1. Okay, helix-only estimate at 222 nm for the chain: each DSSP H run of n ≥ 4 adds -39500 (n - 2.57), divide by all residues, round to 500 deg cm²/dmol; what do you get?
2. Mean Kyte-Doolittle hydropathy of 0.0 or higher plus an axial Cα length of 20 Å or more: which whole DSSP H helices in the chain meet both?
3. Leaving out ligands and nucleic acids, note down the accessible area per residue over the chain with a 1.4 angstrom probe, in whole Å².
4. Could you sort 242-250, 60-68 so that the peptide with the highest average Cβ count within 10 Å comes first and the rest follow in order?
5. Would you please put 207-215, 80-88, 128-136 in order of how densely packed they are, using the mean number of other Cβ atoms within 10 angstrom per residue and starting with the highest?
6. Given springs between every Cα pair under 10 Å in a Gaussian network model of the chain, which of ILE205, ILE154, ILE14 has the largest fluctuation?
7. Which residue, LEU153, LEU126, LEU78, tops the fluctuation ranking in a GNM of the chain built on C-alpha contacts under 10 Å?
8. In terms of modelled amide H atoms, which long-range or inter-chain residues lie less than 5 Å from the amide H of ARG244?
Amino acid sequence: MSGHIFRKIIIEVIVPILLLLLPFIIPLFTVTLDVQTLSSIFSLIFAILVGFFIATATTNYINFCSYLADEGAYLISLYNFAKLVKPNVAKKLSDAIDVYNIATLDFSLMEYAKKTEKEFQSIVDLIDTLEPADNKRKRIAALTLMHEVKFNLIKTLRSITFTAPRVVMGLHWFILIILTVILSFLLFSLRTEELLSYVVTSVMILSLYLILYLLYEIDSNKFLEKQLAYEDPQKIFQAIGKPRYYPETAFSRGHAKIPNETYRVGIYKNFPESMEKTIKLFRK
């Protein structure tokens, strides 16, 4: 079992089960403070903070999805325009886009824009040196559109770099965790000897954990990484006439399924210390 799957089992299975059992394990106790008033105050603070962070992270998440879709559309458009401008250069652009698209899959969605600047610059340099095969209007118009798309693509990548970082930083998590611990303690003190009291406390404790976990998933783009990180780039490979490509970690982490068509796999030599790899073609 890989470390990634093991951590996933701990976070998504073992911890929730332990939290559900915790109210039944910890003995009953009472405190002399006004627990109900304190619970209301801390619950309000927790709700305001979590609501703010989830709203902000969700906005970033939605924008990030839009920018990723735009990036793919722009890359495909550049290739199609290149076929009109100078067909014999379109193959070079296809190769440059392929190298860039492969490189983006070596890194997480949060950092790939910064880690693949060299590969992206190769695409820009190729477009900047592109000249139409003749003076036909459609070739000149296509070249003009290519430069517009290039500008939009650069702008989109800058937007991806801006929206990729996390909204919730270390200090924020510290405050949220402290509030969660305080609320949990107060909930424990409100228990009675009735079974329903234990059940309600268990559900509420688990709910606090799941809220924080949801915030983490949205803020770190884990949802997007699971859903689109490996499937969306395949549309680009298909459009530029290249076989599908997956890093070997996509299969080991369960983020992608083995396709029923010819595909390529990047086999790392020393992951994650190095992104050096060999690419193996699997024919169907």
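1. It lands at -22500 deg cm²/dmol.
2. Sorted by number, the helices that extend far enough and score high enough are 35-85, 87-104, 137-163, 170-189, 195-219.
3. Dividing the accessible area of the chain by its residue count gives 56 Å².
4. In descending order of packing, they fall as 242-250, 60-68.
5. The densest-packed peptide leads the list: 80-88, 207-215, 128-136.
6. Ranking ILE205, ILE154, ILE14 by mean-square fluctuation puts ILE14 first.
7. Ranking LEU153, LEU126, LEU78 by mean-square fluctuation puts LEU126 first.
8. ARG264
The values are calculated or read from the model by the stated rules, or taken from the named source; none is laboratory data. Remember, predicted model here, so these are calculated numbers, not experimental data. Heads up, the Cβs are rebuilt from the backbone with ideal geometry, glycines too, and the neighbour counts pull from every protein chain shown. Accessible surface is based on the protein model in full, side chains and every heavy atom, while ligands, DNA and RNA are left aside. Shrake-Rupley method; radii C 1.70, N 1.55, O 1.52, S 1.80 Å.
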